[in-house]
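The values are calculated or read from the model by the stated rules, or taken from the named source; none is laboratory data. Everything quoted here is computed from the prediction, not taken from an experiment. Cβ atoms come from the backbone with ideal geometry, glycine included; neighbour counts cover every protein chain shown. With ligands, DNA and RNA removed, areas are computed over all heavy atoms of the protein, side chains included. Shrake-Rupley method; radii C 1.70, N 1.55, O 1.52, S 1.80 Å.
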Amino acid sequence: MLKKVGILINGGDAPGLNAVIRAITRTAEKNNVECYGFIDGFNGLLHNDYIRLDNSEATSGILHKGGAIIGSSLNSNVFNYKVIEDGKEVYKDLSEQCVQNLKNDEIDCLFTLGGDSTQKSARDFACRGINVIGVPKTIDNDVACTDVTFGFNTAVSVATEALDRLHTTAETHHRIMVLEVMGRHAGWITLESAIAGGADVALLPEIPYDIDKVVEKIEERKKSGKEFSVVVVSEGAFPKGGSISVKDTRDGGKGVINIQLGGEGDTVAKELEKRTGLIARNTTLGYMQRGGTPSATDRILSTKYGAKAMELALEGKFNVLTVLKNGKLDYVSLEDVVGNNKEIGAVEGGTEDSNMKVIKMDDDLIKTARDIGICLGD
Ligand code: F6P
């Protein structure tokens, strides 16, 4: 009999987190299950810091709110956790402490709201005997085995609105306006917002770009009387034969280097200005994509995911991820989600080597973009 469940969030915030918390809590309460929220994700799990979530107070009025009422952990892999010993930074596997905390407090199931990195840790906890159910969160939409992650739809809407605004400046001043968007090594936000926002060029991490092709596209537009262009650039895009733009790096321990992406929009804008004679300006949209109120679509998706996660727990189906498969709610094994990234605690997600869902070249979105003349830099 399921009595107590815990919710934990890891990774960057995404619109819809509170909607998932609300849905899990409501479904739990209806089934006489106590629900708890770990404060600041894996840090709360490690230090046994949690609060009771019930319908009366904690979770009311949160559906439309951005962020997460219980916080989230960032760069906190408890299987490879940074601690200071004798004034030195060392990395330790502290997962056993987390397992003990869950067992001591009789938490029957842990819901992990996060992207590929989080679901990798969730799967590693499953290997240590903890009942886990993952919920796919990230604006990047790059979690394997699901059609879509919650937070993505809102991010696309924010990027689309930005493109609409940049369009007017581009047209008025006969400029090239570049928008750099997030998404790490996947171009979902770029491609969808480019289609929704009527962009002329979309540069994706999945297609190393040739700047000559982009210049050609802009010159063609000039010839047809359109002396402006709108270009969307993924933070993870890079030129053919070149490398990704890295803003900063962070030591993740055990040889793992986490990189912060950024700068490709500026590079592209400078190059286009030099080559076309048009003034080009870059705008980096950044964290605007992650914060704030979720779209109606994300509220619904998050609610569906949260309720489904709790249903799965009630059915005793653990060590799975709730997913949307061909538009229908479903679940898959966390083993499938991590793919070949099997070694417990050794490799974090969120890297080029983890099992990410990137855009395939036969995706409808690619075909649509090409059909309507969006230049993909190839
Ligand atoms: O994964 C979500 C995301 O916003 C990425 O799109 C981006 O590259 C990254 O997180 C930024 O992370 P941080 O919050 O560590 O700067």
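Given the structure, is Gly265 assigned to a helix (DSSP H, G or I), crowded, with 18+ Cβ neighbours inside 10 Å and not assigned by TED's automatic domain parsing to the domain that holds Lys88? So Gly265 fits the description; yes. Tell me, yes or no, whether the stretch 175-191 has at least one residue that is farther than 19 Å from Asp371 by Cβ and in a helix (DSSP H, G or I). There is at least one residue in the stretch 175-191 that is farther than 19 Å from Asp371 by Cβ and in a helix (DSSP H, G or I). Summed over the stretch 1-47, the residues that are away from the ligand (no atom under 16 Å from the Cβ), assigned to a loop (DSSP other than H, G, I, E, B) and either closer than 17 Å to Ala307 by Cβ or touching a residue at least 60 places away in the same chain (Cβ under 8 Å) (or both) give a count of 5. The one condition from (1) farther than 30 Å from Gly67 by Cβ; (2) within 22 Å of the chain's Cα centre (by Cα) that Lys270 does not meet is (2).
Every residue, every condition in (1) away from the ligand (no atom under 16 Å from the Cβ); (2) part of a helix (DSSP H, G or I); (3) out of contact with any Cys (no Cβ under 9 Å at 6 or more places or on another chain); (4) not acidic (Asp, Glu), yes or no:
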position: Lys274; (1), (2), (3), (4): yes, yes, yes, yes
position: Gly291; (1), (2), (3), (4): no, no, yes, yes
position: Thr297; (1), (2), (3), (4): yes, yes, yes, yes
position: Tyr305; (1), (2), (3), (4): yes, yes, yes, yes
position: Ala313; (1), (2), (3), (4): yes, yes, no, yes
position: Leu329; (1), (2), (3), (4): yes, no, yes, yes
position: Glu335; (1), (2), (3), (4): yes, yes, yes, no
position: Ile344; (1), (2), (3), (4): yes, no, no, yes
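In the stretch 200-249, the qualifying residues are those that are charged (D, E, K, R) and open to solvent by less than 70 Å² (accessible area, probe 1.4 Å), and the one that is nearest to the ligand (Cβ to nearest atom) is Glu235. Taking the stretch 131-151, which residues are of a type outside the set (A, V, I, L, M) and either open to solvent by 10 Å² or more (accessible area, probe 1.4 Å) or assigned to a strand (DSSP E or B) (or both)? Of everything in the stretch 131-151, those that are of a type outside the set (A, V, I, L, M) and either open to solvent by 10 Å² or more (accessible area, probe 1.4 Å) or assigned to a strand (DSSP E or B) (or both) turn out to be Asn131, Gly134, Pro136, Lys137, Thr138, Asp140, Cys145, Asp147, Phe150.
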